[in-house]
Amino acid sequence: MKDLENIIQFLINRSNSESVLLNLLKRIILKKEINFGKVTQIIRKILYNPEINNESNSSPQKGKSLIFNYTPNLVSHNSILRCIFEPLYQHPEVDKKYLANLMIDFFLILKQRKIQIQNHYLPELLLKIVADAKMWTCLQQLLQYRVIDDSKFLAFELISLSDECPSLYQIALDMFNRRGNTDQISEALLCRGHVIDALRFTTANGGGGFREGGTTICNEGSGSQRLDKICLKLLNSAWICPNDRPLRYTIYSYLQTNGKLKSLAESDDADFERFSRDFHSLYSSEELKEAETSFRLARLSSIRGRNRRDSQREESFCSANNDGPAERIIVSE
């Protein structure tokens, strides 16, 4: 191990040795020839920090002697990703948990040194490596403590992984919510078949041309087209559910009652015409009257039960107040 450390230090001190250094480091990580702590120390030593290193390499002031400053062989984080982590992620013999822990440490080093990451490639690779190692608890902690920054792309990746780790689904929805991506939350709910939840969320958060209280945000131009689009998605998702008449009736009647289908009703949209035609044939007039009667009876029964509970509560309260002074009188005697 000491020889390997000496070789690495030799390569660090040599110019134009980046490829040899990275290939050697990749082999060391694959075969775990050096302990984990030493590997992270090496990465810290060779990692190029643009802000610090550019300042140290700046030209000297005029009038001062020009002295050659020795600088070790430094490597950019993109080169480390491309030459070490990406090939090892695809290598069949790599220790996945070892690689995942090393990738997390590398990511934390970048955060600590405030090295700017230009795109979503690094968080994406980190997510894939940790998920491939089945380190779900660790991944949840990285996300919940915001070690990994929120992004729309990352949230979609989490949804794709939620089949293996169901808790990632809610984390993805929370990420969408923090970013204000209400339409994406509705899409995610609809993809899971949660049509009622999607309708409630869209109405409560004003997405897709909705606003709580049943009024539309905008009724013309692109706003109207956006409203029509989300309405068609809700209707289509309801109609996809096999033999679910109550769901179809609920979605269509709610949108119709709150004036969301006005623009679609005036258009010649073939899909909407099919939904409208099917809606009117979902229930017969007798079934609707029977359902309305049952609803009224159930509501009346609920009101009576609530009134009965309130009266019993009042009686018990009055009884307790009347018994209190009598008990105190007996005690005083």
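No lab work stands behind these numbers, since they all come straight from the coordinates. Everything quoted here is computed from the prediction, not taken from an experiment. Please note: Cβ atoms are built from the backbone with ideal geometry, for glycine as well, and neighbour counts cover all protein chains shown.
Using r as the Cβ-Cβ distance of residue 118 and residue 6, and R0 as 41 Å, what FRET efficiency do you calculate, to the nearest 0.05?
Rounded to the nearest 0.05, the efficiency is 0.75.
Please compute the length gained on full extension between residue 290 and residue 269, using 0.36 nm multiplied by the number of residues separating them and subtracting their Cα-Cα distance.
Extra length from residue 290 to residue 269 when fully extended: 4.3 nm.
Using modelled amide H (1.01 Å from N, peptide plane; none on Pro or chain starts), what sits under 5 Å from the amide H of residue 75, excluding residues fewer than 5 places away?
Amide H neighbours of residue 75, under 5 Å, 5+ apart: 47, 48.
So how far apart, in nm, are the two label points at residue 307 and residue 232 if each is 7 Å from Cα heading toward Cβ?
Here the modelled spin labels are 5.0 nm apart.
How many nm is it between the label spots at residue 253 and residue 145, if each spot is 7 Å from the Cα in line with the beta carbon?
Inter-label distance under the simple model: 5.1 nm.
Using the number of other C-beta atoms within 10 angstrom as an exposure proxy, rank 263, 15, 224, 186 with the fewest first.
15, 224, 263, 186
Checking the table 114/152; 38/114; 38/97; 2/128 against a 28 Å threshold on Cα-Cα, which pairs fail?
Exceeds cut-off: 2/128.
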